[in-house]
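The values are calculated or read from the model by the stated rules, or taken from the named source; none is laboratory data. Quick caveat: nothing in here was measured; it's all calculated off a predicted structure. Every residue, glycine as well, gets a Cβ built from its backbone with ideal geometry; the counts of neighbours run over all protein chains shown. Calculation scope for accessible area: heavy atoms of the full protein, side chains included, ligands and nucleic acids excluded. Shrake-Rupley method; radii C 1.70, N 1.55, O 1.52, S 1.80 Å.
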Amino acid sequence: DEAYRRFVPLKQALLQQDGVQQIATTRYPPGKKPEINSFHVAGPDGTQDRILQQLWVDHDFLATLDVQLASGRNFSARDPEDTTRAGVLVNEALVKLIGWTVDNAVGQRLSSEEWQDEVIGVVRDFHMLSLHDVIEPLVIRYSIPDDYMLLRISSRDVEQTLAGVHRTWNEVVGKTALDYQFLDRQFQQQYEKDEKRGTLFAGFSALTVLIACLGLFGLASYTVSQRTKEIGIRKVLGASVFGLLVLLIRNYARLAVIAVLIAVPVANYFVAEWLTNFAYQTELRWWFFALPGGVILLVALLSVGQQTLKAARRNPVDSLRYE
């Protein structure tokens, strides 16, 4: 289309605009799964046939998305081997899969039905998709221009920068409407289900704790009313407020501890199952469960503590008159 044909003047005009820092093109932007292709790769154990992901980018892709080189060099628009697609980049996942090392991967050969390629550089692994997906072995080819234009812009005045991008687009391209997305929002969309699930669980957990606290409060009130005379007699015989408080609360504390001990392995099981949805997982540490367990125990004790403390501090004469 018109934007494709006028890519070079469009890129030059955009780079002169305040707020635009880097521009690159690619066939598959982050968030979109690259195509796959069959390759013959020479590894330490002989030639291997592999189905690998294949990404098409220009020489500014690495700088625009801050992708780091592990070894070798980037594409160059001035190098005829790059522009004729004889040289490719690969990621660390591919190096590990084939059995190369980062140091000796540069200069290795791989081929397909269409190309005979030489590795000119190795890039650090980077995520094209969400953390639900493992980083796949990737072959990166040179292509300019391509389907998507990636702009790295300053965060100081996004609205003004976008207005300038629209204005430049209309001046250079004209007929085709500008359609754009922010990469951070695109990645966020991949976690919407996880965020909704987290909000739902948090809401139900809070409701459950509230109902439990109300139940404990009512049970504590009933227990105190049943033991009012006992409390008065104990105070007359010299029992302290703290001693009475421990006497009344310890049964609730014991039940709360038992509940936490039952809940921890159950929670550990379900959290571990949920983490299997992600290719990259955090380690479940003991304090992940000890901290909420302690908070729940504290909330439970505070729920019954008000009533028990009130009963323990009551004048024993009033307690003995209680009917």
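Considered as a group, the residues in the range 193-210 that are open to solvent by 70 Å² or more (accessible area, probe 1.4 Å) and of a type in the set (S, T, N, Q) include one that is nearest to PRO292 (Cα to Cα), and that residue is THR208.
Any idea which residue in the range 191-226 is nearest to the chain's Cα centre (by Cα), counting only those that are at pLDDT 80 or above and of a type in the set (S, T, N, Q)? Across the range 191-226, the extreme among qualifying residues is THR199. From the list ASN91, ASN74, which residue is open to solvent by 20 Å² or more (accessible area, probe 1.4 Å), modelled with pLDDT of 90 or more and touching a strand residue (DSSP E or B) at 6+ places or on another chain (Cβ under 7 Å)? Going through ASN91, ASN74 in turn, just one is open to solvent by 20 Å² or more (accessible area, probe 1.4 Å), modelled with pLDDT of 90 or more and touching a strand residue (DSSP E or B) at 6+ places or on another chain (Cβ under 7 Å): ASN74. If the condition is being open to solvent by 40 Å² or more (accessible area, probe 1.4 Å) and hydroxyl-bearing (Ser, Thr, Tyr), then the range 212-222 contributes only TYR222.
Yes or no, residue by residue, for (1) of a type outside the set (Val, Ile, Thr); (2) surrounded by fewer than 14 Cβ atoms within 10 Å (Cβ to Cβ); (3) modelled with pLDDT of 90 or more; (4) farther than 30 Å from VAL172 by Cβ:
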| position | (1), (2), (3), (4) |
| --- | --- |
| GLN17 | yes, no, no, no |
| ILE23 | no, no, yes, no |
| HIS40 | yes, no, no, yes |
| THR47 | no, yes, no, yes |
| ASP60 | yes, no, yes, no |
| THR83 | no, no, no, no |
| ASP103 | yes, yes, no, yes |
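For the range 231-268, residues that are surrounded by fewer than 14 Cβ atoms within 10 Å (Cβ to Cβ) and either polar (S, T, N, Q) or within 30 Å of PHE126 (Cα to Cα) (or both) total 2. On the stretch given as the range 294-308, residues that are at pLDDT 80 or above and either open to solvent by 90 Å² or more (accessible area, probe 1.4 Å) or of a type in the set (Gly, Ala, Ser) (or both) total 2.
Residues that are touching a strand residue (DSSP E or B) at 6+ places or on another chain (Cβ under 6 Å) and in a helix (DSSP H, G or I) within the range 96-107 comprise just one, ILE98.
Here THR176 fulfils each of the conditions (1) closer than 30 Å to ALA13 by Cβ; (2) polar (S, T, N, Q); (3) out of contact with any strand residue (DSSP E or B) (no Cβ under 7 Å at 6 or more places or on another chain); (4) at pLDDT 80 or above apart from (4). Given the structure, is ALA24 touching a Ser or Thr at 6+ places or on another chain (Cβ under 6 Å) and closer than 17 Å to PHE126 by Cα? Yes, satisfied.
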